[in-house]
Each structure stands twice: as C-alpha cells, then as structure tokens.
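To start, the structure itself, in structure tokens.
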Amino acid sequence: MASYLEFLQIYAPRFLDGTIITLQQTALGILLAVLVALVAGFMKMAPVFPVRLPAIVYIEIFRGTSLLVQMYWLFFVLPLFGVTLDKFSAGFIAVGLNLGAYGAELVRGGVQSVRRGQYEAATALSMSPFTRMRRIIFPQALLNMLPPWGNLIIELLKATALVALISVTDLMFESKQINASTFMSAQAFGTALIIYYVIARFILTPGMRGLEKRLSRKLSIG
Amino acid sequence: MSDGNFPLQLEGDDVPMVRFDRVTKRYGDLTVLDSLTLDVKANEMVSVIGPSGSGKTTVLRMLMALELIDEGVIYVEGQPMTHMEKDGRLVRASKSYLRQMRTNIGMVFQQFNLFPHMTALENCMEAPVQVLGMGKEEARKRSVNLLGLVGLDDKMDQYPSRLSGGQQQRVAIARALAMRPKIMLFDEVTSALDPEIVGEVTNVIRKLNDEYNLTMLMVTHQMGFAREISDRVCFFYEGKIAEEGAPDEIFSNTQNERTRQFLNAVLEAG
Amino acid sequence: MFDWKWGFTFEILPRLLEATLNTLIAAGLGYLIALVIGLVFALAQRTPFRLLTFVVREFVEFIRSTPLVLQIFFVFYVGPQFGVRLSPWTSGMIAIGLHYAAYLSEVYRAGLDSVPKGQWEACTSLGLSIQRTYFKIIIPQAIPTVIPGFGNYLVGIFKDTPMLSVIGVMELFHAATSIGAETYRFLEPYTLVGAIFLVISLPAAMFMRRFEDWVRVSLGMKKLHAKD
C-alpha cells in the first residue's frame, strides 16, 4: 500500500495531464455528437427521401463499423483525399461522429415518442410545422431524450480512451506509458480505471441528472 | 376535383357556414365517410351521434383538415376549405392555405391535448402569439378573459398535470376560443371524464351556445345534453347520415329503425 | 493522392477474410462467456445476501463505466505482474467477456423486472419450486423484453473486437494495421475492414429486428418494427 502511495506521488502529474486531455476530448466529442445527432436525426425524419438518404447512410456507416476503424480511417486514410487531421482532432471527431450516429436515433426516438395528440392540437391551432416543432414537440422530445443521452455521454467518455491508440496523450496513453516504464501494471492501469470511474460516476452522471431536473422544472412536466 | 361538379364558391342568400359536399374518406378498403352531404347554418348547434366506427369523429377531423378527404369538397363560409381556386378550377388546398382557413375553426379533443410544458395561461396565449402575431400583453388579456369565462381564472398559472380532467378540458376550450374562431368543433369532449365532472364541461358549452355567436358541431355520447342544447341532430351510420332533424324528432319520435336500435342500446347502457 | 489499387486489394483480401474468421470466433466466444457470466451477475443481485448484492452491483457498475480497451490492457498485463502469464486470446476473452457480462446482466435484470410481480406471487401460492418458477413461468415472459438488448450487444461485441488487436490478437483490424505497416498502404486495408464490418453488421442488425418481431408475434404480441 505504501508503495502505491509512492507510485501515486511520482506519477500523479502525468495522470493529471492525461485526464485533462481526456476531458477535453470528451467535451469536444459531446459537442460534435450533439450537433451531428440533431442534424442527422431531423434529416432522417424528413418527408423527402433525398434528405433522408444522407442521414441514413451516415447513421448506418458509423453505427455499423468500429470506432477504432473509423478513427484510423480519419487519421491515416483521409489525408489521401486531401484532408489531413492532426491526431487530437481525428480523435474527437471520430468519437463525435460515431456517437452522434447513435445520438441521431435518440433524437428521432425522442421526437417520435411525443403523443400524436400534441401534433393535432398544434395543427388545430393553425401552427406552422416549424412553430409546432419549435414550441410544442421539441421541448417535450428533449425531456424524453435525456435519460438515454446520459448513457451515451458515458459511452463517449469511454470511447475517448481509443485516441491513445493514435498517440493522443490522454489518460489511457499515460497509463500505457507508465506501465511500459515501471511494469507496475496493476497500479498504472488500475489508477486510470479508477479515474475514469470517478469521472463517469461522480461528474458525468450527476451532471446529466441535474440537467434532467432543471429541464423538467423549466418545462414543468409532471 | 376540377371537373366543374363542385362550385368555386357558394353563392346566394343562404350560404351555410359549413357545407360537406359529397365528401368521401377511405382508410384502405374501409369507407368511413360515404359521399356525405351536410350543411351547418351560421350559429347553429349540431350534434352528431352514432355508433363507433360510423364516421362521426372523422367528420370533425376532415373539417379541421387533420387528414385529407378522398372525394368531395368542404366549404367554410362559402369558400372551399379542402380545395382552393387556381386558374378558375378547384385544386387541392396547399398547406399554407389550409393553415389560413383553420384559423376560423377551433377544436376541442377527447384527450384534451394540452401542452404539458406550459401553464393554462400559456396554453391559451401560444397560438395567438405564434400564429396571429399578437403581442404578448394583448394575448395575455384575451386569455385571462377566456379562462375567466370557463371558470378557471384562479388556475391560470397551473400546469396541466395539476389540473383535473374537467379543468384541463375547460382550458382546452379556452385555448381554442383564443383564436376567435367562427366554428367550434367538440370531439367527444366528455368521454374521457369521470361522470361527476362532465357537468363542468357541458355547462361551459351551454354558456357558449347561449351567449355567443358560434357555429358548433359536437360529436357526443351525452344524449341528454345533445337533446337539450342542439338545434339539429344527425345520426350517423356507416359513413352516411341515416337520419337528421330536430332533437325531439330524433330522440322521441324516430322513424328510422337503426336510430331506434342505437338509442335503445345507449339508454340501456345508462 | 486517392489512388485505389485493385490488384493490391485482391492480394490482401484473403488475409483479411481469414482474420475475419478470428474476429467472428472472438465475438462469438466472448458473447457466450458474457451470456453465462451476465446471468450470474444478474441472479447474484437478486439474492437476499446484501453484501453479495452490493459487491456485485458495484463491480458491474465499475466495468460498465470504464473503457473496455483499458480493461483489456489491465487483464493482459496484470497477470505477469503477479506471475501469471495469460495469452492474448485468453486475456482478451476474459476482458471482453466480463465487460459484456456486465452489460448483459443489466438486460437480464430488466427482463426479469419486466415480469409483473403478480406472476411471482402466483408461483409461490401454487407451490412451484424455484427452478420451475424461473424456467417455466418467469423466463419465457422475460424473453421478448431481453431479445432486443441481446441482439444489440451481439452486434456490439462484434464491433468491439478491434480493441483486442492492442494486445496482439490476430483479428481483422490487427491484420489491417499489419498490412499497413508492412506495405505503407492504408487506403485499401482500412476501407476494406470498414466494408467487411458493414457487410456483416448491417444484415445482422436487420436480422435482429426481424427476429425480435418474430419472437413477439409468436408469443402473441404485436410487432415492434414497421417494415424496414
């Protein structure tokens, strides 16, 4: 136990550095995922097929293949098409696009779960489809969506660990380095596991619950 | 539709407020409205009764264009509602035309359909502000008045989840009235309410009928109320009007066998 | 620049397809392990022993909240630290099996919870044994609820197999990165890997949906999905 404390003392700064990168990747990934999910989710609900198609293709490709494959593709193959991403960007963009595809289905599910009577009441009051979505349907959809989005956010945090494999110096990367130099695998990887757990359980989950509460109070359903 | 069989608009002295002109609506193989012809005069209160599946709810939904009809034309105040004029012919109404026409019609639903994320007051203000472009203050004043009219001014800042069924339905009525429609549609508005609360809502409808110039079309199972308040009663059966006439005729003195069977069944059910 | 070499593509295809076989085996084996251990986790949380329930619950939460790839490293490297050498395959299977067991345990739990309490009470009052209760009454009713979850995670575990490459398991992704390192060509290998994944996972997902509906219909419930 004493040696673990010593271990921590020596390596805490590196774990901290890694954690900061992980948090940055997570935050940027979340932003991208939300954006993409909203756009693709709504596109998929469009009545016009040419609008639905790109969304369907995007969602099926990013949900149907591995994040790791996508990340490598963005980092190693995209340059061949003229777009070179640095590893940090390739990392969170892959994560954001991948989880955004799942998010798009959540957006769609949330909107489609709003009771049909709401649509009819809004139509009966002569609201245009845009006003109807903006004022009536989407606020309710948002509240429906939040719990599954909470899970998605955690998945996003976990997904960022893969950026270490394209040498982004996040928490996972640091733990690998420390393991390589000390061979104290349990301590190196164990500490990283604990940090991920703490972020997920004590920062992200309460954060999402809080968001849910605030939103539900603001929209005051039930 | 543009075969000249249907006038571009209704003319003459006695233009009805609503006219269904040979309206047919099908769902797949099922014909729910069968070449329906029905006139409703201005300020008339018409009750629509009949067994489920007879098409009575569909009548209201078609008038409000919640769904499109297959054949025929519906006219409101002499102007076509389901169709519009283009190059001297009638073509299917565009979405924006429908929206425009809908502002003349208000609808109250069986399931209330209040917006759960808004207070009673906000529910009433929403459409005048968003659709009519009314200023918030004016919309507020109008809504407060209407909520007072339905007896809920003390509940205006409550959310629907805090209101009883009868209260929610009354808010729904106020919300529909906020658009100052000429026609009010009531789609089995008491069917989802506990019996002892039904009176709250029928009282409001009675008040509207007595004190205001509104054309009303009411689909209902409340036979007593229909009899008391209607100018005319239509009995629907299998997509057509099997019988129509003054309340007394229909309820006490029906000549039609189907009507009689239906009324007996309803009376027995209590 | 973008310069797809078909000759090269056909050259590497056999190697990739062979590796795909490994991927499928890894996924299948891992999933079987997860099915068994997941059930254990789920049942352990229903016992009256509070300590056991607590420990298992926290363990499951811990696994679900931390990255799989890190867990794979942990299992692979921790062994040698304490004298136990685990092969890449063994550690990979343990890690991925445990990880998905944690997910599946939640699916089991949801399924068991979805059966109305009255069913349990009826079984008790009729004097049915615990085995009979579970196997003849409860589990059949839990099945429609769990099928979607099981299906999703099966496809999920298949897509997570690339993570095994980091400890040297010779699955599909590993083959692609090896080819990339050997030939300095990344376009064809990585695109082909993506395509192979798609070709397997998309029909699998569609099949899952149909299967779900079939189960529901044959148990007398309504279909969940409109035509694809």
Arranged from highest to lowest average of other beta-carbon atoms within 10 Å per residue, in what order do the peptides C:109-116, B:144-151 appear?
B:144-151, C:109-116
Given the -39500 (n - 2.57) contribution per DSSP H run of 4+ residues, what per-residue ellipticity at 222 nm results for chain A, rounded to the nearest 500 deg cm²/dmol?
-25000 deg cm²/dmol
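Which order do A:Leu67, B:Leu163, C:Leu21 fall in if you start with the one that has the fewest other Cβ atoms within 10 Å? Don't skip to the end; give the middle numbers.
Numbers: A:Leu67 23, B:Leu163 19, C:Leu21 11.
Ranked by crowding around the Cβ, least crowded first: C:Leu21, B:Leu163, A:Leu67.
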How large is the dipole of the protein assembly as shown about the Cα centre if only Lys and Arg carry +1 and Asp and Glu carry -1, each at its Cβ, rounded to the nearest 20 debye?
1480 debye
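Assuming a strict under-27 Å limit between Cα atoms, what lysine pair count do you get for chain C once near-sequence pairs (fewer than 8 apart, same chain) are dropped? Mind showing how you got there, number by number?
Values: C:Lys5/C:Lys159; C:Lys117/C:Lys136; C:Lys117/C:Lys222; C:Lys117/C:Lys223; C:Lys136/C:Lys222; C:Lys136/C:Lys223; C:Lys159/C:Lys227.
Count of close lysine pairs: 7.
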Got the relative contact order for chain C handy, in percent, Cα pairs under 8 Å and 6 or more residues apart?
26 percent
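Rank these for me by crowding, C:Tyr31, C:Tyr100, A:Tyr4, going from fewest to most other beta carbons within 10 Å. List each step's numbers first, then the result.
Values: C:Tyr31 22, C:Tyr100 26, A:Tyr4 13.
Ascending Cβ contact count within 10 Å gives the list A:Tyr4, C:Tyr31, C:Tyr100.
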I want to check a number: in chain B, how many lysine pairs have alpha carbons closer than 26 Å, given a sequence separation of 8 or more or different chains?
25
From other protein chains only, count the Cβ atoms within 10 Å of every residue's Cβ in A:188-196, then give the mean.
5
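Lys and Arg at +1, Asp and Glu at -1: add these up for the other residues within a Cβ distance under 13 Å of C:Glu182 and post the number. Mind dumping the intermediate values first?
On the way: positive: C:Arg15, C:Arg185; negative: C:Glu11, C:Glu188.
Within the 13 Å Cβ shell, the charges total 0.
With 10 angstrom as the radius, rank C:Asp160, A:Asp170 by how many other C-beta atoms surround their C-beta, starting from the fewest.
Numbers: C:Asp160 22, A:Asp170 26.
Result, fewest neighbours first: C:Asp160, A:Asp170.
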Across the residues of A:136-143, average count of Cβ atoms on other protein chains within 10 Å?
2
Cα convex hull volume per residue for chain B, in Å³, equals 145 Å³
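Could you work out the relative contact order of region A:21-219? I mean the mean sequence separation of Cα pairs under 8 Å and 6+ apart, divided by the number of residues, in percent. Intermediate results must be reported in sequence, preceding the final value.
Details: 219 pairs, mean separation 49.8, N = 199.
Relative contact order comes out at 25 percent.
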Work out the mean other chain Cβ neighbour count within 10 Å for the residues of C:3-12 and drop it here as an integer.
0
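Bear in mind these aren't lab numbers, they're just calculated from the coordinates by the rules spelled out. Computed from a prediction, not measured in an experiment: that's the story for all the values here. Positions of Cβ are generated from backbone atoms using ideal geometry, with glycine treated the same way; all protein chains shown enter the neighbour counts.
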